[in-house]
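Data first, discussion second: the structure below is written as structure tokens.
The values are calculated or read from the model by the stated rules, or taken from the named source; none is laboratory data. Remember, predicted model here, so these are calculated numbers, not experimental data. Using ideal geometry, Cβ is built from the backbone for each residue, glycine included, and neighbour counts are taken over all protein chains shown. In case anyone asks, the SASA skips ligands and DNA or RNA and just uses the protein heavy atoms, side chains included. Shrake-Rupley method; radii C 1.70, N 1.55, O 1.52, S 1.80 Å.
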Amino acid sequence: MRELEERIRQEGIVREGNVLKVDSFLNHQCDVDLYNRMGAEWARRFKGVPVDKILTIEASGIGIACATAPHFNNVPVVFARKSQSINLDGEQYVAKVHSYTHGNDNTVIVAKRFLKPGENVLLIDDFLANGCALDGLIEICKQAKATVVGIGVAIEKGFQPGGKRLREAGYDVESLAIVKSMDVATGDIEFEAQSN
Ligand code: 5GP
């Protein structure tokens, strides 16, 4: 998606440890208009795919998923929580996720009443690096006996293994921008050419 690539080029900051900071429009300040166009782009790419629910992970995935839902018939958006909360009650699906940016392990939790057997689930997240966050969401869908019908990612770091591994496992991963390389010294960011 050309517009997203341009924004990353203009505003993205390359940090040590292969971290791309895009908090002026995606991870802290939110450009909702852009999220809306990202949602439209996923709807175009997943045309004809049945989607009953969108599942994402807190925190950065929530805004993107909520702007995407209107493009999928306003299906409900569920976000996996990273810690227990007094608002979480009843039976839960629980999976472990390693955090790339924080270097620690998190538990992700979804209340069983919000994910049902047989539901077609579209996973949405802001970044795909090693794929651990998405692994956690996939694990939760497996526990729920729900079907992952597609994975929409805003920014994939193509030089990290998650995307390749998930595609080889058979998942339809649609990343709106795939970073081929980024240089911490110059700040240069290159993208993989996308045909769609
Ligand atoms: P993964 O689990 O695929 O290794 O990493 C994905 C998760 O880590 C995303 O949900 C995102 O929050 C965070 N993440 C990974 N790489 C980056 C990055 O370069 N920049 C930012 N802002 N977040 C990242």
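Only loop residues by DSSP count here, and only those with at most 12 other Cβ atoms within 10 Å; note down the trypsin sites (Lys or Arg not before Pro) in the range 135-196 that meet that.
On the way: sites: 142, 145, 157, 164, 165, 167, 180; in loops: 145.
Those satisfying the criteria are 145.
Based on the alpha carbon coordinates of the range 120-176, what radius of gyration and maximum Cα-Cα distance (Dmax) apply, in Å?
Considering the range 120-176 through its Cα atoms, Rg and Dmax are 10.4, 32 Å.
Quick check: the angle from helix 2-11's long axis to the longest principal axis of the chain, C-alpha only, nearest 10 degrees?
Here the helix axis deviates by roughly 70 degrees.
I need to check one value: relative contact order of the range 48-131, counting alpha carbon pairs closer than 8 Å and at least 6 residues apart, in percent. Mind showing how you got there, number by number?
Details: 130 pairs, mean separation 32.2, N = 84.
Computed over the range 48-131, the figure is 38 percent.
DSSP loop GluC sites (Glu not before Pro) in the range 1-47 with at most 11 other Cβ atoms within 10 Å of their Cβ, which ones? Kindly include the intermediate steps, with their values, before the conclusion.
Working: sites: 3, 5, 6, 11, 16, 41; in loops: 16.
Here the sparse-neighbourhood loop sites are 16.
If a/c stays under 1.5 just call it rounded; otherwise compare a/b with b/c (prolate if a/b is bigger, oblate if not). Do that for the range 95-146, with a ≥ b ≥ c from the square roots of the Cα gyration tensor eigenvalues.
Since a/c reaches 1.5 and a/b is larger than b/c, the shape of the range 95-146 is classed as prolate.
Among 60, 99, 83, which one shows the highest mean-square fluctuation when the chain is modelled as a Gaussian network with alpha-carbon springs under 10 Å?
Maximum fluctuation in the GNM of the chain, among the listed residues, is at 83.
Give me the accessible area per residue for the chain, probe 1.4 Å, as a whole number in Å².
49 Å²
Of all the accessible heavy-atom surface of the range 1-156, with the other protein chains kept in place and a 1.4 Å probe, what percent is carbon and sulfur? If you can, show how the numbers build up before the last one.
Working: 3550 of 7350 Å².
Solvent-exposed carbon and sulfur of the range 1-156 make up 48 percent of the total.
Give the relative contact order (percent, whole number) for the chain; include only Cα pairs under 8 Å separated by 6+ residues.
19 percent
Going down the table (82/116; 112/157; 53/96; 145/180; 47/112), which pairs top 25 Å between alpha carbons?
Where the Cα-Cα span goes over 25 Å, the pairs concerned are 112/157; 145/180; 47/112.
At a temperature of 25 °C and a viscosity of 0.890 mPa s, determine how fast the chain diffuses translationally according to Stokes-Einstein, using the Kirkwood radius over alpha-carbon pairs as Rh; express D in µm²/s, rounded to the nearest whole number.
On the way: Rh = 16.9 Å.
Using the Kirkwood radius from Cα pairs, D works out to 145 µm²/s.
Restricting things to alpha carbons, tell me how big the range 77-175 is in terms of Rg and Dmax, in Å.
13.3, 40
Could you list the square roots of 5 times each eigenvalue of the Cα gyration tensor of the range 13-116, that is, the equivalent ellipsoid semi-axes, sorted largest first and rounded to whole Å? It would help to have the intermediate numbers written out before the result.
Working: eigenvalues 107, 103, 27 Å².
Largest first, the range 13-116 gives 23, 23, 12 Å.
Report the relative contact order of the range 121-196, percent, no decimals, based on alpha-carbon pairs under 8 angstrom and at least 6 residues apart.
RCO, the range 121-196: 29 percent.
Per the helix-only calculation at 222 nm, which mean residue ellipticity applies to the chain, given -39500 (n - 2.57) for every DSSP H run of n ≥ 4 and division by its residues, nearest 500 deg cm²/dmol?
After summing the helix terms and dividing by the residues of the chain, the value is -8000 deg cm²/dmol.
What's the angle, to the nearest 10 degrees (0 to 90), between helix 132-144's Cα axis and the longest principal axis of the chain?
That helix lies at roughly 20 degrees to the long axis.
With angles folded into 0 to 90 degrees, how steeply does helix 32-45 sit against the dominant principal axis of the chain? Use alpha carbons for both and round to 10.
That works out to roughly 70 degrees.
Give the percent of DSSP beta bridges with both residues in the chain that are antiparallel, rounded to the nearest 5.
Once the DSSP bridges in the chain are tallied, antiparallel ones form about 40 percent.
Within the range 47-120, list the trypsin sites (Lys or Arg not before Pro) lying in a DSSP loop whose Cβ has at most 14 other Cβ atoms in a 10 Å radius.
Passing sites in the range 47-120 are 47.
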